[in-house]
1. Would you pick out the residues in the stretch 20-41 that are small (Gly, Ala, Ser) and either without any contact (Cβ under 8 Å) to a residue 24 or more places away in the chain or farther than 19 Å from Gly67 by Cα (or both)?
2. I'm told Arg104 meets every condition in (1) surrounded by 16 or more Cβ atoms within 10 Å (Cβ to Cβ); (2) farther than 16 Å from Leu37 by Cα; (3) among the charged types (D, E, K, R) except one. Can you identify the failing condition by its number?
3. Quick test for you: out of Leu69, Leu94, pick the one residue that is of a type in the set (A, V, I, L, M), under 20 Å from Arg39 (Cα atoms) and modelled with pLDDT of 95 or more.
4. Having 2 or more residues that are at pLDDT 95 or above, out of contact with any strand residue (DSSP E or B) (no Cβ under 7 Å at 6 or more places or on another chain) and within 16 Å of the ligand (Cβ to nearest atom) is the bar; report the helices (runs of 4 or more DSSP H) wholly within the stretch 135-246 that clear it.
5. Looking only at the stretch 251-270, count how many residues are in contact (Cβ under 8 Å) with a residue 40 or more places away in the chain, part of a strand (DSSP E or B) and of a type outside the set (D, E, K, R).
6. Just to be sure, is Leu44 in contact (Cβ under 8 Å) with a residue 24 or more places away in the chain, within 22 Å of Asp92 (Cβ to Cβ) and touching a Phe, Trp or Tyr at 6+ places or on another chain (Cβ under 6 Å)?
Amino acid sequence: MPELPEVEITRRGLLPDLAGRQIDGVVARHTRLRYPLPRTLGRLLAGQTLLDIDRRGKYLLFRLDRGTLLLHLGMSGSLRLVPAAEPAGKHDHLDLLFGTRALRLRDPRRFGAVLWVKGDADAHPLIAPLGIEPLSGAFSGDWLHDATRGRATAIKLFLMDSHAIVGVGNIYASESLFRAGVDPRTPAGRLARARCERIAMAVKTTLEAALAAGGSSLRDFIHSDGGSGWFQQQHFVYGREGEPCRRCGMKVRALRLGQRSTFHCPRCQR
Ligand SMILES: [Zn+2]
């Protein structure tokens, strides 16, 4: 599933190619995504210039002259720049045409979303409730400490709550808490300021490591037709139940937390 780093890499990869370019038209091959594609999408977008691409959580916001195209990659979506004449595959549902090139949305499972927002996209019901951006300067140990006071919820579930913090999915929450040396079950409200500081730094470090890992293959990914395209990463604990901890050698344990698998090292994370 595309996570925050993949979405951010997509944004950074597309921006230099598309900023300032005009959309000439739209090819919609399959209109039933998570929400039906607007039937008038072609007429709405044709002739508009793409001014900028922003990201909020895992939403991409294509800022156009007269509004914003909101795009979410769902469970399996990816965006690539291809020659417009290149034949579309079975799961290539939507093209935005820019001259001889197309920005092509591939989404085998069709949980992705494409929405046109005429007014203030940041006030849209899908965007407005989103929590703080973990890579922003506003996200800090102090912020985390303040935000978690009085919260009995496990810290891992708090990190994954998109109304609190956006874009920290199961993998990054598990990995960040390993780096911070904190047991994922710890009640969030019981964490002292110093541990909140360690967790906030670990979240940033984990996401930035993923961005760096993806950055090297960024051009290939955005500008190629290669498979699922998402980069592989080495995890400390995620998906490694029963394997030795990379730091201490003890077996990584898995448990269920909020219906999700959680991986941790019982020695390194207390
Ligand atoms: Zn360990």
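The values are calculated or read from the model by the stated rules, or taken from the named source; none is laboratory data. Computed from a predicted structure; not experimentally measured. Cβ atoms come from the backbone with ideal geometry, glycine included; neighbour counts cover every protein chain shown.
1. Residue satisfying the conditions is Ala28 alone.
2. (2)
3. One residue alone meets the criteria, Leu69.
4. 170-180, 193-215
5. Number of matching residues: 6.
6. Considered against the rule, which asks whether it is in contact (Cβ under 8 Å) with a residue 24 or more places away in the chain, within 22 Å of Asp92 (Cβ to Cβ) and touching a Phe, Trp or Tyr at 6+ places or on another chain (Cβ under 6 Å), Leu44 comes out as yes.
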